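These notes are about the structure you will find just below.
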Amino acid sequence: MNPDFAIVLNFKLSDTKKANADLLVKTARDIGARAVSTNGDQTAFQAACTKYTIALVNEPAGQSYTPDNVIDKMVTQRKAGKATIIDLPVDENGELTDESQQLLAPINDWMHMFGHAFNEGEPCNLAADGESFVLQNRHMHYQKYIFVKKPLPATITVTGLIHETNRVEWIEKRVDLKFTYEDNKLEIEVAEPVDVFPWQVLRIQEHRPEDDILETKF
């Protein structure tokens, strides 16, 4: 598991001795989070984290966000190579408050579309113009992710590439985009995707090691 957590859900229990740890941790897992923290019973949460393959970390203080700003805050923190610690109030019955559930709704939608790039992306030496920025896949450096904020630009220029680009696509629906690559500079023509996400993500695929494998004939 990548120990560089993009988001940490910090469950703030009203009653530290009363929590549905299994439900809370499963909820975190289901939205694409890979770590949680809590002021509740560590034994119960550790058991749930082991069950759902999520890390239990010590993050006593996070921040409160709203459904309107949480995605922007998450992406801005990731651009800086930092995690976002999200405080989630838990009611006296040990379950998420209505406020917490409303906050998780846009996180769930966005992470289901872009969570892999968000969790596996790390800062790199590539630069994109405007408000866009680039992360690379920490395991496969030939895959890069461009995070693009709405309103979308007509074109995006990426500099710093050292390998030829094979493909550029929206992660959503894998829609190919037109591009040119010359002198280590990538120019992408941006077509509008059909959704309402405040941040979109493009995938760049550079020349891969397996592309050099000659065809084997039997």
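The values are calculated or read from the model by the stated rules, or taken from the named source; none is laboratory data. All figures in this text were calculated on a predicted structure; none of them were measured in a lab. In this analysis, Cβ positions are derived from the backbone assuming ideal geometry, glycine residues included, and neighbour counts consider all displayed protein chains. In case anyone asks, the SASA skips ligands and DNA or RNA and just uses the protein heavy atoms, side chains included. Shrake-Rupley method; radii C 1.70, N 1.55, O 1.52, S 1.80 Å.
Results, tabulated for the structure shown:
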{"item": "Test: residue in region 177-191 that is modelled with pLDDT of 90 or more, under 19 Å from residue 123 (Cα atoms), of a type in the set (Lys, Arg) and out of contact with any Phe, Trp or Tyr (no Cβ under 8 Å at 6 or more places or on another chain)", "result": "yes"}
{"item": "Selection from region 41-58 of residues that are more than 13 Å from residue 28 (Cβ to Cβ) and either among the small types (Gly, Ala, Ser) or in contact (Cβ under 8 Å) with a residue 24 or more places away in the chain (or both)", "result": "41, 44, 47"}
{"item": "Any hit, region 108-123, residues being open to solvent by 50 Å² or more (accessible area, probe 1.4 Å) and part of a strand (DSSP E or B)", "result": "yes"}
{"item": "Among residues of region 134-188, those that are assigned to a strand (DSSP E or B) and open to solvent by 40 Å² or more (accessible area, probe 1.4 Å), counted", "result": "12"}
{"item": "Subset of region 74-91 (residues that are open to solvent by 40 Å² or more (accessible area, probe 1.4 Å) and under 12 Å from residue 20 (Cβ atoms))", "result": "none"}
{"item": "Flag for residue 26 being closer than 21 Å to residue 116 by Cα and outside any strand (DSSP E or B)", "result": "yes"}
{"item": "Members of region 165-202 found to be under 18 Å from residue 129 (Cβ atoms), in contact with a helix residue (DSSP H, G or I) (Cβ under 9 Å, 6 or more places away or on another chain) and of a type outside the set (A, V, I, L, M, F, W, C), listed by number", "result": "200"}
{"item": "Conditions (1) over 19 Å from residue 27 (Cβ atoms); (2) in contact with a Pro (Cβ under 7 Å, 6 or more places away or on another chain); (3) in a helix (DSSP H, G or I); number of the one not met by residue 81", "result": "(3)"}
{"item": "Selection count where residues are assigned to a helix (DSSP H, G or I) and either open to solvent by 70 Å² or more (accessible area, probe 1.4 Å) or touching a helix residue (DSSP H, G or I) at 6+ places or on another chain (Cβ under 9 Å) (or both), scope region 92-107", "result": "8"}
{"item": "Filtered residue count, region 29-50, keeping only those that are open to solvent by less than 50 Å² (accessible area, probe 1.4 Å) and assigned to a helix (DSSP H, G or I)", "result": "5"}
{"item": "Exclusive hit being open to solvent by 30 Å² or more (accessible area, probe 1.4 Å), β-branched (Val, Ile, Thr) and modelled with pLDDT under 95, set 16, 53", "result": "16"}
